[in-house]
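*Asks:* I'd like to ask you about the structure that follows.
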C-alpha cells in the first residue's frame, strides 16, 4: 500500500470513529472479549473527544485518498500517552499500524517528552509483538473492572469534587507516587467536573480524574483508592483499570461485585519509576 500520513482534523471524526469502532470490535470478537467501543456512537465520541480537545496530536493514514486508520498522542503531561490507534479491519496486517505508531513516536521524540506509554489489550498478541519490536517494555499487568456502583462511604475519608486550588496538592501526590505529574489531565477533568479528591486527616490523600476507562487515580493507600471507587456513581466506558498485582485492591473489587472484563498490559519507553503508592492507570497509561 502507498500510505500517506497527515494530521487529523475535525472533519475526520466520523470516518475515524467508524474505523475505531469496527477495528476494536473485530479484534475483540476474534478473541471472545467485549469491545472497548461497542457501538458506532462510542467510536465517534472517542475520536471526537481526542480531536477536539486541546493537548492531543492526531495522525490519519490514507491510501488513494481513503482514510484507513488513525492514532493519537496525548501531549498534556511530561509523559506522553498513545492511543487510541485503529486500522480498518480490511487492510490490517499490511504495515499501517506500524507507520501510525512510528509517526506519533517521532512526534514524542521531537517534543522531548520524558517518556511515552500505552496500554495494550492483553489478548491481542499482534499488537504486543509490534510494540515490543518498536522498543516498548512491559511494566504492569492490568485488569479492566466493571459492575454496579458500590455506593459506600468510609469513615474519616471525605470524597468531594476537586477544585482548582487542589491542583498543587494533587500534583505533589502524583509526583510522590510516580515521579512525574499528570497536571494537564487533572486540570481538564476539574474543568469538566469529573475530578474527585479524598480528604483524610485534613489533607488530600487521593485524587481521580474519573473512575472510568479514560480516567486515572493516584493515592497514598489502597483505602484511599477504595473510597474513590466506592463513591463513583458509575464506571464509564469499558470499566476502570486496576493493577492486577495489587491483590488487596483486586480482591476488594471482586468482593464488592465487580468483575474482570479483560486483561491489559501497561508498556513504556523512557522514564519509568516503580510506583510508591496506590494508583489506577487510564487506558492511555
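*Asks:* Return a yes/no flag: does segment 258-266 have any residue that is within 30 Å of residue 29 (Cβ to Cβ) and touching a helix residue (DSSP H, G or I) at 6+ places or on another chain (Cβ under 6 Å). Lay out the reasoning, then the answer.
*Replies:* Initial filter on segment 258-266 (within 30 Å of residue 29 (Cβ to Cβ)): 258-266.
Still in the list and also touching a helix residue (DSSP H, G or I) at 6+ places or on another chain (Cβ under 6 Å): none.
Within segment 258-266 (the criterion being within 30 Å of residue 29 (Cβ to Cβ) and touching a helix residue (DSSP H, G or I) at 6+ places or on another chain (Cβ under 6 Å)), the answer is no, since none of the residues qualifies.
Condition check ((1) within 18 Å of the chain's Cα centre (by Cα); (2) buried (at least 24 other Cβ atoms within 10 Å of the Cβ)) across all residues:
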{"site": "7", "(1), (2)": "no, no"}
{"site": "32", "(1), (2)": "no, no"}
{"site": "36", "(1), (2)": "yes, yes"}
{"site": "47", "(1), (2)": "yes, yes"}
{"site": "61", "(1), (2)": "no, yes"}
{"site": "64", "(1), (2)": "no, no"}
{"site": "77", "(1), (2)": "yes, no"}
{"site": "81", "(1), (2)": "yes, yes"}
{"site": "89", "(1), (2)": "no, no"}
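*Asks:* If you don't mind, another one. Is one or more of the residues making up segment 210-219 more than 21 Å from the chain's Cα centre (by Cα) and either without any contact (Cβ under 8 Å) to a residue 12 or more places away in the chain or under 29 Å from residue 84 (Cα atoms) (or both)?
*Replies:* no
*Asks:* Condition first: buried (at least 19 other Cβ atoms within 10 Å of the Cβ) and under 15 Å from residue 122 (Cβ atoms). Now tell me which residues in segment 240-260 satisfy that.
*Replies:* 241, 242, 243
*Asks:* Are any residues in segment 105-137 touching a strand residue (DSSP E or B) at 6+ places or on another chain (Cβ under 7 Å), within 23 Å of residue 240 (Cα to Cα) and exposed (fewer than 14 other Cβ atoms within 10 Å of the Cβ), and if so, which ones?
*Replies:* Passing the criteria: only 137.
FYI, it's all coordinate maths here, none of it is from the lab. Model, not experiment: these values are computed from the prediction. As a convention, Cβ positions derive from the backbone with ideal geometry for all residues, glycine included, and neighbour counts pool all protein chains shown.
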